[in-house]
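Each value in this text was obtained by applying a stated rule to the coordinates, not by laboratory testing. Source: prediction; values computed, not measured. Because the Cβ atoms are built from the backbone with ideal geometry, glycine has one as well, and the counts that use them run over all protein chains shown.
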Amino acid sequence: MNNEFDVNATPQFDAMIGAVNQKHTEDEAAIRDERFIYFKTGNSYRVRLCWPIDPFNRRQSPWIFRVIHEDRGAGRTNTEITCPTSDYLMGRRGFRACKACECSGNFYNDSKTSKVSEELYNHFRRQYRYVAMVYVVSDSLTPKNNGKFMLMRVPKGVADYLNRRVFGWATKSGELPLPLDRVIGKSAFLTDNGYDLNIDVATEQTPSGTYNSYSAEFMPQPTSVPVTQADINRAALELKFDEDFYKTSTQEEIENFVKTAIMGLKMEYEINGVPTDFDPSKLDQGNVNAANPNVSSSAAVPPVMGGTDTPSAAAVSAPQSAPATSATVSSSSAVPPKGKTELDSVLEELGFKNK
Ligand SMILES: [Zn+2]
């Protein structure tokens with residue numbers, strides 16, 4: 001293995017990330033998990049983002065933006081590791097710590113000339129597993145979800161929008177941080193005077209398949225929702241938000257994954273060749289958004305895994321007008337807050353520096 005490979009420094013990096021975005025799969029299990037909202041094209045979902053306190057005192061962010069490498073399929077190890085590039089771990093710096101990223105970067109570099117490398121790259125590349133907890137204000141597809149706490153998979157483009165609007169972060173290269181008066185800050189989470197997030201789901205046809213495309217936008221007026229921070233914290237425990245989704249992998253686990261899963265499949269492909277019996281139509285079993293012919297190594301992947309984001313899904317619609325957050329934002333930084341909210345206590349406890 002080339003120890004000098006640095007995925008951050010290669011021009012291929014952006015192309016690789018683009019490919020990852022394009023092939024992002026939404027659902028990690030074939031079994032429907034009742035804790036989750038299932039996005040369906042043509043529908044609108046209005047939610048209040050929740051920031052539950054982490055009972056294990058590890059999570060510093062409201063959501064769990066986790067990136068994994070997985071080895072799933074017939075005859076595979078069915079294991080996964082959390083990539084240290086996950087937002088809550090080391091971000092982009094994590095590439096240097098991740099031997100699986102190093103391998104998939106090498107596979108990517110060789111994928112133009114080697115079918116084996118192409119297949120290995122598709123199998124072991126990073127995949128997003130972004131989860132947030134929300135209070136459902138309205139779900140046009142499933143009204144019985146209204147008024148419930150649920151988990152929500154966050155598509156990459158929506159996640160970028162949230163990081164930018166809530167924290168002001170630059171989410172694309174060359175982008176400047178959002179001006180403070182456009183940052184929505186903690187008002188995204190307030191239960192008594194906060195901003196709902198609206199997500200519209202549409203269908204997008206591309207030459208490589210049919211995809212869900214998401215547009216997310218904070219509502220222009222604040223509202224209140226009939227729950228307290230204590231309700232949110234309790235719901236997070238019941239939904240096992242941290243227990244099931246905040247995961248890390250040790251260096252040893254990452255190295256084991258490389259040795260066993262990655263090197264195992266590499267050897268198998270080199271000896272037996274890449275399987276040719278793959279039938280993309282099998283992925284499309286009754287799921288309009290399942291077509292993802294690019295995932296060519298995934299004959300055994302459950303059909304429900306097909307929901308994907310196209311790069312254009314990252315073009316999350318910019319709000320027509322900024323919610324009136326400037327007063328809220330500046331009042332917490334320039335003027336002493338009038339009354340400490342429950343969320344303030346959570347933020348304080350987390351050591352979160354309030355904007
Ligand atoms: Zn990695």
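Place a point 7 Å from the Cα of K240 along the Cα-to-Cβ direction; which residues of region 76-109 have their backbone N under 18 Å from it?
79-82, by backbone N distance to the label point.
Between T203 and S138, how high is the FRET efficiency from 1/(1 + (r/R0)^6) when r is the Cβ-Cβ distance and R₀ = 25 Å? Nearest 0.05. Spell out each step's value before the answer.
Working: r = 21 Å, r/R0 = 0.83.
That pair, T203 with S138, gives E of 0.75.
Around G73, which amide H atoms from residues at least 5 apart in sequence, or from another chain, sit under 5 Å from its own amide H, with H modelled in the peptide plane?
Under 5 Å from the amide H of G73 lie the amide H atoms of N78, each far enough along the sequence or on another chain.
Hey, with R₀ at 30 Å, roughly what FRET efficiency would Y88 and T276 work out to, going by the Cβ-Cβ distance, to 0.05? Show your work: numbers first, answer last.
Numbers: r = 40 Å, r/R0 = 1.33.
According to the calculation, E is roughly 0.15.
When the chain is fully extended, how far beyond the present Cα-Cα distance does N256 get from A230, taking 0.36 nm per residue of separation? Don't skip to the end; give the middle numbers.
Numbers: separation 26, 0.36 × 26 = 9.36 nm, distance 4.01 nm.
Length gained, N256 through A230: 5.3 nm.
Any idea how far the Cα center of region 152-197 sits from the one of region 99-122, in Å?
First find each Cα centre; the distance between them is then 34 Å.
At 0.36 nm per residue, minus the direct Cα-Cα distance, what do N193 and L180 gain on full extension? Give it in nm, one decimal, please. Let's see the in-between values first.
On the way: separation 13, 0.36 × 13 = 4.68 nm, distance 1.90 nm.
Full extension of this stretch gives 2.8 nm more.
Given H placed 1.01 Å from N in the peptide plane, which residues other than close sequence neighbours of S86 have an amide H under 5 Å from its amide H?
V67, G91
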